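Report on one structure; see the data block that follows.
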Amino acid sequence: MKQAADLHPITRACMGFHLWSLAGLGQQGDRVEAAVTAARIAASEGNGAIFAPLAMGGAGGLRASGPSAERLKQWLEGMQTAILMAMRRLDDIQSWSAKAKAEMSTLSGKTPPVLSALLTEWPLVSAPMAEMWIGASRATAQRNLAWMEAKGLIREVTGQGRFRMWSIAI
């Protein structure tokens, strides 16, 4: 890695990811630590990638096969695919937020807009989390979650009677 000091941080991140297991670092077959370290390398010096959700783009960018030039190509293509997918997801969340705001405009009180904001910021929300975030009773949080679910704005994802979690319906 010292020999790669003159390379762009994103190139060094790819290199570090693929050299991780060869250097005998981490647990056998565990690529998470390698990916986290690669992300830190990519964001270093402020001129690399600030955020690159590489795993969102599928396994192509993380696949360790072929010569180094092919690995770098797959890494960059995986990064591009992941960033486009993340941008689409953010667009979907923004559209959902506008839809939820319009649907909830007839409701009074501070709970609906605060709950809507919570659901746009977190991928999964529980009733205790909503209760704490909105500063209302558990019954109020659950009533608003149930209303949003009935309107098709959110969906319950655990399929349980207890310890349930909701996500926006997009």
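The values are calculated or read from the model by the stated rules, or taken from the named source; none is laboratory data. What you are looking at is a predicted structure, and each value in this text was computed from that prediction instead of being measured. Note: areas computed on protein heavy atoms with side chains; ligands, DNA, RNA excluded. Shrake-Rupley method; radii C 1.70, N 1.55, O 1.52, S 1.80 Å.
General remarks:
- Reciprocal of mean inverse Cα separation for the range 70-116 (Kirkwood radius, Å): 13.1
- Equivalent ellipsoid semi-axes - Cα gyration tensor, the chain, angstrom: 42, 17, 14
- Share of carbon and sulfur in the accessible heavy-atom surface of the chain [1.4 Å probe, %]: 58
- The distance linking the range 108-123 with the range 80-107 is 13 Å (Cα centroid to Cα centroid, whole angstrom).
- Qualifying lysines (Cα of each under 30 Å from Cα of Lys101; at least 8 residues distant if same chain): Lys110, Lys151
- Helix-only CD estimate at 222 nm, as mean residue ellipticity for the chain, using -39500 (n - 2.57) per DSSP H run (n ≥ 4): -17500 deg cm²/dmol
- The distance separating the Cα centre of the range 49-74 from that of the range 129-164 comes to 38 Å.
- Using only the C-alpha atoms, the convex hull of the range 1-47 corresponds to 60 Å³ per residue.
- For the range 105-170, fraction of C-alpha pairs farther apart than 13 Å, in %: 59
- Relative intensity of the range 39-104 on a log10 scale, I(q)/I(0) at q = 0.15, 0.20 Å⁻¹, equals -0.58, -0.82, per a Debye sum over C-alpha point scatterers of equal strength in the absence of solvent.
- For the Cα trace of the range 57-151, dividing Rg by the Kirkwood Rh returns an Rg/Rh value of 1.24.
- Backbone amide hydrogens, once placed in the peptide plane, bring Ile154 within less than 5 Å of Glu149, Ala169, excluding anything fewer than 5 places away on its chain.
- Probe 1.4 Å, protein heavy atoms only - accessible area per residue of the chain in square angstrom: 62
- Heavy-atom accessible area order for Trp75, Trp20, largest first, 1.4 Å probe: Trp20, Trp75
- Across the chain, the mean sequence separation of Cα contacts (distance under 8 Å, 6 or more residues apart), normalised by length, yields a relative contact order of 14 percent.
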